[in-house]
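The values are calculated or read from the model by the stated rules, or taken from the named source; none is laboratory data. Predicted model only: the values in this text are computed from it and were never measured. Backbone-built Cβ (ideal geometry, glycine too); neighbour counts: all protein chains shown.
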Amino acid sequence: MAQTSYDLIVIGGGPGGYVSAIRAVQLGLKTALVERALLGGVCLNWGCIPTKTLLHAAELYHSMKNADKLGLTIKGMTFDLKKMVERSRTVSSRLNKGVAHLLKKNKVTVIEGAARLAGAGGLHVENGKSQNLSLSAKHIILATGARARVLPGLEPDGALVWSYKEALVPDAMPKSLLVVGSGAIGMEFASFFNMLGCHVKIVETLDRVLPLEDDEISTFIRKSFEAQGVAIHTSATVKSLKKAKNSVTAAIESDGGPLKIKVDRVIVAAGIVGNVEDIGLRNTKVKLDGTHIAVDQWSRTDEPGVYAIGDVAGPPWLAHKASHEGIICVEKIAGLEDVHPLDSTRIPSCTYSHPQVASIGLSERKAKEQGHDVKVGRFSFSGNGKALTLDEPDGMVKTVFDANTGELLGAHMAGAVVTELVQGYAIAKTLETTETELMHTVFPHPTLSEMMQESVLDAYGRAIHL
Amino acid sequence: MSVQIMMPALSPTMTEGKLSKWIKKEGEAIESGDVIAEIETDKATMELEAADDGVLARILVAEGAEGVPVNSVIAVLLEEGEDAANLDVPASPPPQAQAPEIKPEPTQKPKTPTFSNGQRIFISPLARRMAEQGGLDLKAVRGTGPKGRIVKRDIKASPKTSHGASPEAAYTEVPHTTMRKVIAQRLSEAKRDIPHYYLSVDCKIDCLLETRKKLNAKASEGKGAYKISVNDFVVRAVALALKQYPAVNASWSDEAVRHYNDIDISVAVAAPGGLVTPVVRQADAKGLGALSREIKALAERAREGKLAPEEYQGGGFTISNLGMYGVKEFAAIINPPQSCILAVGAGEQRPVAENGELSVATVMTCTLSVDHRTVDGALAAQFLSVFKGFMEEPLTMLL
């Protein structure tokens, strides 16, 4: 009979769960991880990784179409959607095996099945293949993740109306597409299909795209998308979908009056809801906050010994947030000193659309709302040598400082490769540098990163290349 | 010719001051009499007025700079028609001065903070700046960052900025104000250098209280209104006693003893930042009503930090009254360069033996601290005896 008693059991093998399990073993906890589907979770199998694989191919294709400008002659370039999708599945599969290997190497017991809390540290695992298991642990971390929010009348049907899952494995390229929701997921799919020649329209309920980003970034991205041929309707809501054999007509209510849009396919990307069902919460004191589990700063639920991390514990819905929450939660459980709650203003956020968006910390508006006197700096890609060599003159870097203390409150970027740049500001925030240290840092030339410094200089009226 | 604006000496004891605020900016036109800056002296915050017309060409001492020596150049004024090329910035600018082209950036001067044993304090740049801005003593802050590094949350949690939220800190360090430094320096000097001795008398003040009651009952309303306090009687009695013994109204210097011509009495007032002593000029020439109104106005301005230098400079004798707090008696430290300070306690009913009989009287103990270099014991005793006479028979103050 296998071990049934653990120091820690993690439910869910996504970026929150598997990272927590590995950290727990590092700290000497006997740890098991229960996963009902695929190790790596949505992120690795149906989210971050496959979308980025597809977007890379689409972006290359998009660049190649303008290759003539660079002195490259490419004739008869086409794409093979099937192959693209296959490659995205291959990458996911490889990483999925990688996670299994990491867990094995770290001696985390991996149990397949759907887990359900059974009270007093008990856990019931239903496994279709073998007999059911009863486990117990001093600590249980719920890392069950989230799934796409289903809106009434906009239920995905797998054929004409897609969720992210169907959108990741299209068998043919639709001629036209309606994306409902302009958060990171919606904007990435819009970008992908648009770059491959599909006519894309976006409908957003709020008054701007990427509503979580700084207003200037939203404005910039909207302009850029529209210049690429994407139609955007903000302050607009899809009321109903009328399906024909191979097309859908969406009835939309907007500030500009009612609107009908006929498209081949619809992608619904209108937020996510936590996976809180069928995990035995009813038998516990665990409280819900909307569709998410309510937790304190150490990820503790109201049930002693039960914790929740990642998407199921609420926004921001980001893999790296889940991983960090997990690490903090486990370190607290293990009794480490020097553990501090996750500071949400230090979590970078990335959107891999074309152009990319990356940000960290407070937007200018939020900073002001919180009572900061701010100094704001901006720098444009058009003033950066490296951006021009890459033929990427469209983009911006904006920085927001507290005028009194020089604290970097936020940084907001749009343009090529910014998702790789934002970590510089993340380090700056963690080390609590002020504008002075950022100004004193030597940035290499020629790089896009030079703009990060110029934006800081601009906030203090000292930009050199402006 | 450009005009150099110096740190003014706003009181005789002022050797340095804090430039608390620049009212005018570089490049602004200024007329003589315009307020250009606020200076925090040892006693109050003062406005610095321009003596000439022109343009404020250069600010050489950053806002917030402390310990700016008196007579050091703090700014340069250009007269009409001059341009910046005419600027003769002082050859050896004060420490806060920057090269003319660079705006002062006081936040860019951090040196690595260290403990007294020379060990480096590990602290994030942001936390260091916040600590500086908040005037926080880093030695009192416990770092909770990696390996004890002091980070922003530690500064925010320290009592100075969060009103005592940190359970770990056993005390709060309040940085010295200019005023506090001056009080410390002058009173230490006084207690160390002046050979103090102390004489106490008990004054029976029942008659005085009765007189006060009658006078106040007759007080008119409006402009001539008054409400005479016991302390006003004390001031009047001291003034008249000093008139009889002018040698008490004196101060010691290494060369000579200075006898003052006027009877100017300093009255100690507890202001928010510390003790202030506004001066009642020629107190012997003023009636109780006038004295009362003047002292009241001075005390109010003192508490608001709005005294002008001429209102607190000088004085030949100080009165400190803690009677209203129920203090029975106390011995005060002399306010240099004066020779005497009278410490006034509370008037309270005490048993009094007189002519072999025990009775009850309202008695107030007054203690005179005396500088033995200027005033010998017999003189001080005579002075105190006359003072006691006035207090016990207030009508004699009319003579």
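Summary of values
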quantity: Filter pass, B:Val230 being in contact with a strand residue (DSSP E or B) (Cβ under 6 Å, 6 or more places away or on another chain), surrounded by 16 or more Cβ atoms within 10 Å (Cβ to Cβ) and of a type in the set (Val, Ile, Thr); calculated: no
quantity: Members of the range A:226-243 that are out of contact with any helix residue (DSSP H, G or I) (no Cβ under 7 Å at 6 or more places or on another chain) and either in contact (Cβ under 8 Å) with a residue 24 or more places away in the chain or surrounded by 23 or more Cβ atoms within 10 Å (Cβ to Cβ) (or both); calculated: A:Ala231, A:His233, A:Thr234, A:Ser235, A:Ala236, A:Thr237, A:Val238, A:Lys239, A:Ser240, A:Leu241, A:Lys243
quantity: Answer from A:Ala172, A:Ala143, A:Ala148, A:Ala167 - the residue that is surrounded by fewer than 20 Cβ atoms within 10 Å (Cβ to Cβ) and among the aliphatic types (A, V, I, L, M); calculated: A:Ala172
quantity: Leading residue by the ranking (nearest to A:Tyr352 (Cα to Cα)) among those in the range A:50-80 that are charged (D, E, K, R) and surrounded by 10 or more Cβ atoms within 10 Å (Cβ to Cβ); calculated: A:Lys52
quantity: Any hit, the range B:380-393, residues being among the small types (Gly, Ala, Ser), surrounded by 14 or more Cβ atoms within 10 Å (Cβ to Cβ) and outside any helix (DSSP H, G or I); calculated: no
quantity: Some residue of the range B:364-372 being over 20 Å from B:Ile319 (Cβ atoms) and among the charged types (D, E, K, R); calculated: no
quantity: Count of residues meeting criterion [part of a loop (DSSP other than H, G, I, E, B) and farther than 15 Å from A:Leu39 by Cα] in the range A:108-143; calculated: 8
quantity: So B:Leu368, is it assigned to a strand (DSSP E or B) and touching a helix residue (DSSP H, G or I) at 6+ places or on another chain (Cβ under 6 Å); calculated: yes
quantity: Residue match in the range A:18-26 (condition: assigned to a loop (DSSP other than H, G, I, E, B) and within 30 Å of A:Leu336 (Cα to Cα)); calculated: no
quantity: Options A:Leu103, A:Leu123: the member that is assigned by TED's automatic domain parsing to the domain that holds A:Gly17 and modelled with pLDDT of 95 or more; calculated: A:Leu103
quantity: Given (1) out of contact with any strand residue (DSSP E or B) (no Cβ under 8 Å at 6 or more places or on another chain); (2) farther than 30 Å from B:Gln133 by Cα, index of the condition B:Tyr171 fails; calculated: (2)
quantity: Members of the range B:146-157 that are within 8 Å of chain A (Cβ to nearest Cβ) and touching a strand residue (DSSP E or B) at 6+ places or on another chain (Cβ under 9 Å); calculated: B:Val151, B:Lys152
quantity: Criterion (hydrophobic (A, V, I, L, M, F, W, C) and in a loop (DSSP other than H, G, I, E, B)) met by exactly one of A:Val276, A:Val312; calculated: A:Val276
quantity: Of residues in the range B:120-135 being modelled with pLDDT of 85 or more and away from every other protein chain (no Cβ under 11 Å), the one nearest to the chain's Cα centre (by Cα); calculated: B:Ile121
quantity: Every residue from the range A:329-343 that is without any contact (Cβ under 8 Å) to a residue 60 or more places away in the chain and within 14 Å of chain B (Cβ to nearest Cβ); calculated: A:Glu337, A:Asp338, A:Val339, A:His340, A:Pro341, A:Leu342, A:Asp343
quantity: Test set (1) in contact with a strand residue (DSSP E or B) (Cβ under 7 Å, 6 or more places away or on another chain); (2) of a type in the set (S, T, N, Q); (3) closer than 17 Å to A:Ile141 by Cα - A:Ser323 fails condition number; calculated: (1)
quantity: Cross-chain or 6+ apart pairs with Cβ under 6 Å, the range A:371-384 first and modelled with pLDDT of 95 or more, then of a type in the set (Val, Ile, Thr) and part of a helix (DSSP H, G or I); calculated: A:Gly377/A:Val456
quantity: Residue match in the range A:346-353 (condition: within 14 Å of chain B (Cβ to nearest Cβ) and under 17 Å from the mean Cα position of the chain (by Cα)); calculated: yes
quantity: Residues that are more than 18 Å from A:His324 (Cβ to Cβ) and outside any helix (DSSP H, G or I), drawn from the range A:34-46; calculated: A:Val34, A:Glu35, A:Arg36, A:Ala37, A:Leu38, A:Leu39
quantity: Some residue of the range B:319-340 being over 23 Å from B:Gly289 (Cα atoms) and part of a strand (DSSP E or B); calculated: yes
quantity: Residues of the range A:281-309 classified as of a type outside the set (Lys, Arg), over 17 Å from A:Gly145 (Cβ atoms) and in a loop (DSSP other than H, G, I, E, B), total; calculated: 8
quantity: The range B:311-358: number of residues that are aromatic (Phe, Trp, Tyr) and within 18 Å of B:Ser369 (Cβ to Cβ); calculated: 2
